[in-house]
Amino acid sequence: MMRHGLPLLLALSVAPLACSSEELIDPVPSTSTLTDTTSSTDTGTGGEGGAPPAKVIRTVEQRSPFGNVAATDNLLFDGDFEWSSPFSDQYGWFYGPPYSYSFPAATIGAACRSGVKCVTLPKNKAVIGIGVGSGESPVTVTAHARPENAACEDVDVSLLDIATFAKDVTIPAVSEAPGADGWCEYSALVPAYPQRVYLLIDNNTAKDLVVDDVVVRAAPGGGSGPTPPPPVTAPPTAERVGRRDAAREAISRLRGPIVPPNDPAKRALQEHLSR
Amino acid sequence: MLRFRQARPSSAPAVVLAGGALAAVWSCAVSARAASFTPEGALLFEPNAVVVLDFEEPAPEGEPQPAEDPTALHGAHILPLGAFQGVDFEVSLPKLRQTYRASAWIRGHEAVVSLEVSYSDRPDEVSALFPTGRVTSDGWVEVANTHLRVDGEKATKVVLGAFSAAGADVDAVEIVPDGDASAFPAIPNAPCGGASDSAACAADQVCLYSRCRTFSGLVPPIPKDRDDVTDYLESRMTLLFGPFRERTYDLPNSLVAIEQMRHAQDAWSYWNGFALAVRKLHDGHTSTSNIADFSLRNPRPIGVCFIEGDADLTHTAAPKDPAYLDVLVSHTGAESTLGLAPGDRLVSVDGKHPIAWARGLVDIHWSLPPVSNPRTFAELASSMNRLLSRYASKIEVIRCDAASGTCGAPEVISISDLPPIALDATVQIPTCDNRPLRHLINSPDDHGNTAVNGVHQSIVIESDDVEKIYGIEWESLYTTNGTDGVGAGLKQAVSTWKTEGARGVILDHRSGFGGTIEAPKILWSYAVPRRPNDYYEDRQRAEDEQPSAEDGQALFDLAKSRNQINYAGSNNPVTTVPVALLLTEDVSASDWLPLGMKGAPKVRLFAPFETNGAFSTRYAFGYWLGVNYVLAVGDTFLPDGTTTNGTGVSPDVVVLPKQSDLLAGKDTVYEAALAWVRSELAP
C-alpha cells in the first residue's frame, strides 16, 4: 500500500525532483522524497504583506493505482477491489443479503484505504471475499473497514466454515474504536485453514461502511513453528449466527458453473463505443 | 457529437495565486506535463495543454448537461454522467505528429474514458485512460494515459469519450503534448500484411485490419511498483487458477509469459505479457479482453461461416493436414461473402493451415476464444471470419460448383485489398452456429436465435406429425431457477414431447455457450435414468496439486455422502424415445449437458470431436476496461476419481461434416443423427 497525504505546497519545496524528466504518468513527485504534511494547511502562499492564508479547498495524495500489491501472495482473488469491474458478471466477492454475484459499483478515490477502489456497504449488507486456504501453513487475515460513528465490533468479520460446518473463525478488531484515520483493522492468525476461504464482512452498524485492503496469506515460515492458538473472541450473538448461516447457505447455492449471458453494462458500453 | 468549449488553458484558470507559488507550481507542472494544484488545492490546467474541457457551458440539447457544483475541480461546473450514460467530445489537435498525455478527473464510480483517433472514416486507434494514483480529498480520481501518438496532419477526427456503468462525475479534461515525432515509427500507421507480418509494425503495434495500430494506449503504463504488481498477478495464476490438468501442463507456459513481463520495455509488451500468460493457461473459462474489442470496428466484415470437416472432394488439389481437420464453408450470408459458398474450402491463411494460423494469434489477440481440450478447435473455426478480417492478409481457397459437384484449383484472395465498407453501411453477417442448415420450421435464415424463450422448437422439417421427430435448436443453458433464461423453453419442449408423444428427439446444441447446471438437468430428467454424475469443487488450497484417482474417488465419495455431487437424470426417464444430441462447440454447462446424457439407454451423441472440456466456473476481473481477465477457479471429479477439466466428452458417433455434403446442401452431422433416430423410433 502506498498512501500519503500530500498538500500541493509540497510540490514547491521539491520542485527540482518533481520536474525531472522521468516519464511519470502523474506529476506528483515520489512520496519517498516528501515529508508528511497531511495536516498542514498553512501553505505559506499568502505572499507579501502578511495576507491571511487562503482556505484550503482540497488536498491531493498519490497512491499506487494497483492498491496493496505488496501482499503479492494474497490468497483472496481481489482483496483490494482494484480489479472489480462493472463489466464483471462474476467477481471474487459475493454481495448481499440476498447474496449473489451482483457486486455494487466500486467506490473510488480517497475514501478508500489503499489504491483507488473499495466497496461501500449499506447497513445490514455484507460482502464475502473468496480465496483459497493453505494446507501447510497457518493463515493471517487482515481486513479494514471504516464505519460512520460506530465501534469496530459492530462489523462482523469471520471466516465461514463451508466444508464441515463445524466452526467459523471470528476475526477480531484490533481496537474497539476506529483509528485516527477512521479505519478499523481486523486481524488474526488462524492456526489452520486448509479449505476454500469465504471471508464474511458484515455491516452491523447503523450506517454505511467502507471496506478495503483485505488480505489473507499463508503465514511466513509455513507450519514449521509452533502452532499458534486460535484467536480469542467472544461467541457470536444469535443474530450474527443467523446471518452467517444465511451467507453459508448462499455460498452453497452459488457454487458450481455459472456462465451468464452478456450483462446490461457490457451491452450499454458496446452501444456507446460503437456509436 | 457533443462539443464543449475547448480553450487554451491560459484563459481558463479562475484562481488567484501569489506570484512565487504560481511560478513554481506551473514550472513544475510543465515538466510533468499535467494539470497541477495550487497550494490551496485549486486545479490549474497545464499551460501547454492543447485541449481543456471544464464544462462551463451548456451542452447541446439531448446530451448530458453540466451541473453547477461547488466542488468542481475547475470553474463552477462538472459533467455528471448517469448510469449507462456516455458522452463524446470531438477535440481539435495541432496538425503535428506528436504524442500526448490525455487526462480527466472522475468521481463517484469508475468511468471508461477513451481517446479515439480516426485517420479514415472510422476510429483507427483507441487508447484508454487509467488511474494515475492521484486522488483528492473531495473524491476526485485522476485517469490518464501518456505518450499517445496522434499524427495531427493525417487525423480526420479525435474523440475523447467517457462512459460510466454506474454513474460518475467528470471534470478537468486536458490533453497535453508530451513527446515529438521521434516517438513515432517511420510510418505511423503503416500498411501491413496481416498478423504474420510483424516486421512491418513497431514493437508496441499490432497489424490489425491491415494497418499497424499502436496498442500501447490500450493498456496502463508499466506500474511503478512493477515487481510487486507482477508478482501479484503471477500469484493469481499459481495460487488461484483451478483446473488441475492445465496447472500441470499449461501453467509452466504461462509463467514464461510472466517472466517476459519483468523485462518488458513498453506498456504493451508488459500487459500483453500478462494477458498472454492468462491465455496460455489454455482453459475454456479463462480469457482476456480489452477496450479494443469494443471500439475498433471491422472495415471488412466477411459474411462467411466456417466449420471443421472433411474436404473429401479436394484432397488431391490440397492434401489434408496431418494435424488439423479441413476447414470448409458451412454457410454464408447474402453479402460480403468473397464469392464463397457452402462446400468451398479454406485451404490456408498467410501460408499456414487456417487452424494453425488462428492458434498463432494467441500472442496478440486478447479475445481469442478459449478452449480447455487441447485436441479441439471448433471455437477457432466458428470465429474464423472475424479473425480473417482482423489479422489475415491473403487466404487460399478452393471453390466448388454445386451443380457439377466439382471443385477448382486453389485460388488466392487478398483480404488486405478488399475495399472497406462505408462507415454507415450495415452488413448482415450470419451467425456462425456450426449448423450448415437449420431444421425447424421457424429457424431464422441468418442462423440466429429469435425464440422468445431462447429455444427454437418444433417437429423437424424432415419429419411430420405421424413420424413425430421433434427438435430443438438453442445455444444458452442459462437459467437460475429452471424458469428464467432458457428454463421455461426447455421445460416447454420436454412437456411437448411427453404430451404429444414424440417418437424421436434431436437436440441441436452445436453452439453451446454454457449457463448453469439447472438447464441440463431439465433434459437429463427426460432421457437419463438417475445416476451420480460428477462433483465440482472450487480450488481449496494454495498448495493443491493434481490428486490421484484414488484420492479423487475418496473426495467424490465424501462429497456424495454430504449430498454435494450432481446427479444426472430422474427416476422416471423416457427410455423408449431415441434422443440424439448434436455437438460441436461448447463450454461449461454445455459440456455438462453431454456428460450427463452420455451412456443413457436411448441417447447418442453426434459430433466431429470431443467437447471443450471446460468443467469449471470462473470469476472475472477488470482493470478499468484496459486489462480484463477471466479465470477458471475449480475442477470436476468424475465418480472414478479422475478430474475432467481439459478432457472433453467423446461423441458416441464421430461425424465430420463432408465437403461433398455441404456442396449438395446436406448437413452431415444432422443427417447421421436423423438416420439413427429413425432407426430407433419409439412405437
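None of the figures in this text is laboratory data; all of them are computed from the coordinates on show. What you see is a predicted model, and the numbers here were worked out from it, not measured in a lab. Cβ placement follows ideal geometry from the backbone for every residue including glycine, while neighbour counts extend to all protein chains displayed.
Using only alpha carbons, build the gyration tensor for the range B:496-649 and give me the equivalent ellipsoid semi-axes, biggest first, whole Å.
Values: eigenvalues 167, 84, 34 Å².
Result for the range B:496-649: semi-axes of 29, 21, 13 Å.
Taking the charge dipole of chain B about its Cα centre, with +1 at Lys and Arg Cβ atoms and -1 at Asp and Glu Cβ atoms, the residue from B:59, B:522, B:92 reaching farthest to the positive side is B:522. For the range B:416-512, a crude dipole built from +1 on the beta carbon of Lys and Arg and -1 on the beta carbon of Asp and Glu, taken about the Cα centre, is about 440 debye to the nearest 20.
Compute the Cα gyration tensor for chain B, then decide on rounded, prolate or oblate, letting a ≥ b ≥ c be the square roots of its eigenvalues: rounded whenever a/c is under 1.5, prolate when a/b is larger than b/c in the other cases, and oblate in all that remain. It comes out prolate by the Cα gyration axes.
Going by the alpha-carbon gyration tensor, a ≥ b ≥ c the square roots of its eigenvalues, is the range B:407-462 rounded (a/c under 1.5) or, if a/c is not under 1.5, prolate (a/b greater than b/c) versus oblate?
Values: a/c = 4.22, a/b = 1.68, b/c = 2.52.
Cα axes put the range B:407-462 in the oblate bin.
Rounded to the nearest 20 debye, the dipole size of chain B about its Cα centre is 680 debye, using +1 on the Cβ of Lys and Arg and -1 on the Cβ of Asp and Glu.
Take every pair of alpha-carbon atoms less than 8 Å apart whose residues are at least six positions apart; their mean separation over the length of the range B:585-683 yields a relative contact order of 29 percent. Straight-line cross-link reach from residue A:266 at under 13 Å between alpha-carbon atoms covers these aspartates and glutamates, not counting any fewer than eight positions away in the same chain: A:89, B:293. Compute the distance from the alpha-carbon center of the range B:136-152 to that of the range B:211-239, in whole Å. First find each Cα centre; the distance between them is then 18 Å. For the range B:564-604, a Kirkwood hydrodynamic radius built from all Cα pairs, placed in the Stokes-Einstein relation at 4 °C and 1.567 mPa s, yields a translational diffusion coefficient of 114 µm²/s.
Mind checking the mean number of beta-carbon atoms from other chains within 10 Å of the Cβ atoms in B:619-630?
On the way: counts 11, 10, 10, 8, 7, 6, 5, 0, 2, 4, 2, 4.
Neighbouring Cβ atoms belonging to other protein chains average 6 per residue here.
The distance from the alpha carbon centre of the range B:606-620 to that of the range A:48-98 is 36 Å, rounded to a whole number. Counts of other chain beta carbons within 10 angstrom of each beta carbon in peptide B:161-169 average 4.
Near the amide H of residue B:97, within less than 5 Å, lie the amide hydrogens of B:152, B:153, all on another chain or at least 5 residues away, with H placed in the peptide plane.
The distance linking the range B:446-469 with the range B:287-362 is 28 Å (Cα centroid to Cα centroid, whole angstrom).
Starting from the Cα gyration tensor of the protein assembly as shown, multiply each eigenvalue by 5, take the square root, and state the resulting semi-axes largest first in whole Å.
Values: eigenvalues 495, 276, 107 Å².
The answer is 50, 37, 23 Å, longest axis first.
Normalised by the number of residues in chain B, the mean separation of alpha-carbon contacts (under 8 Å, six or more apart) gives a relative contact order of 12 percent. The lysines whose alpha-carbon is closer than 22 Å to the alpha-carbon of residue A:123, local same-chain residues fewer than 8 away aside, are A:207. Farthest toward the positive end of the dipole of the range B:184-282, out of B:223, B:268, B:192, is the Cα of B:192, where the dipole comes from beta carbon charges about the Cα centre. Each Cα pair under 8 Å and six or more residues apart adds its separation to the average, and for the range B:274-382 the resulting relative contact order is 35 percent. Cross-link pairs exceeding 23 Å in C-alpha to C-alpha distance, out of B:320/B:352; B:491/B:598; B:498/B:598; B:280/B:560; B:491/B:658, comprise B:280/B:560; B:491/B:658.
Over all distinct Cα-Cα pairs of the range B:81-157, the Kirkwood formula returns a hydrodynamic radius of 13.7 Å.
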